[in-house]
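Data first, discussion second: the structure below is written as structure tokens.
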Amino acid sequence: IRIERNLVFPTSLIQLKYLELSFNEIEHLSDRLFQNLKNLELMRLNQNPIKSFDGSPFKNLKKLSFLLIGYNYLDSLGFLSNAGFFDNLKTLQFNKGTLRDINELKKFSKLESLDLNRHNLSMITDGL
């Protein structure tokens, strides 16, 4: 699946709670892509060659509690810095990749399950 830079999921999907986009060829997520999916609770983006984001595509996903985004080309969690789900995210699966920095995890007070396997992390700093 190729997602155009200006694509926005339509408002008719506002009640959508589960979105499966795994095993595609998604390389980029635009800032507005998920803006109308305000009731989304679980998103799977595993196995995509994601390399970049415009702004913060997750900023309107305040109800998101499960994010599975492993097996990609991202090397930091910086894309989560302006996410709207800080108070709700319970599960983050971000396995196999080139992750180097996990400082963004400090913001997720409700996190219950964290999967960061198969990265080359060498140090976790105090205060995480």
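The values are calculated or read from the model by the stated rules, or taken from the named source; none is laboratory data. The model shown is predicted, which means the values in this text are computed figures rather than measured ones. When we count neighbours, we look across all protein chains shown, and the Cβ atoms used for this are built from the backbone with ideal geometry, even at glycine. Note: areas computed on protein heavy atoms with side chains; ligands, DNA, RNA excluded. Shrake-Rupley method; radii C 1.70, N 1.55, O 1.52, S 1.80 Å.
Restricting to segment 21-52, count the residues that are aromatic (Phe, Trp, Tyr) and surrounded by fewer than 17 Cβ atoms within 10 Å (Cβ to Cβ).
1
Out of segment 38-59, which residues are among the basic types (Lys, Arg) and in a loop (DSSP other than H, G, I, E, B)?
LYS38, LYS51, LYS59 - these are the residues of segment 38-59 that are among the basic types (Lys, Arg) and in a loop (DSSP other than H, G, I, E, B).
Look at TYR71 and say whether it is among the aromatic types (Phe, Trp, Tyr), at pLDDT 85 or above and on the phi > 0 side of the Ramachandran plot.
Considered against the rule, which asks whether it is among the aromatic types (Phe, Trp, Tyr), at pLDDT 85 or above and on the phi > 0 side of the Ramachandran plot, TYR71 comes out as yes.
Restricting attention to segment 1-21, which residues are in a loop (DSSP other than H, G, I, E, B) and either within 13 Å of PHE58 (Cα to Cα) or modelled with pLDDT under 95 (or both)?
ILE1, ARG2, ILE3, GLU4, ARG5, ASN6, LEU7, VAL8, PHE9, PRO10, ILE14, LEU21
I'm told PRO57 meets every condition in (1) farther than 19 Å from LEU29 by Cα; (2) open to solvent by less than 30 Å² (accessible area, probe 1.4 Å) except one. Can you identify the failing condition by its number?
If we test PRO57 against (1) farther than 19 Å from LEU29 by Cα; (2) open to solvent by less than 30 Å² (accessible area, probe 1.4 Å), just (1) comes out false.
Can you spot a residue in segment 11-20 that is open to solvent by 40 Å² or more (accessible area, probe 1.4 Å), without any contact (Cβ under 8 Å) to a residue 60 or more places away in the chain and within 24 Å of ASN117 (Cβ to Cβ)?
yes
Please determine, by comparing only the residues of segment 60-107 that are out of contact with any strand residue (DSSP E or B) (no Cβ under 6 Å at 6 or more places or on another chain) and not in a loop (DSSP other than H, G, I, E, B), which one is most open to solvent (accessible area, probe 1.4 Å).
Checking each candidate, the answer is LYS106.
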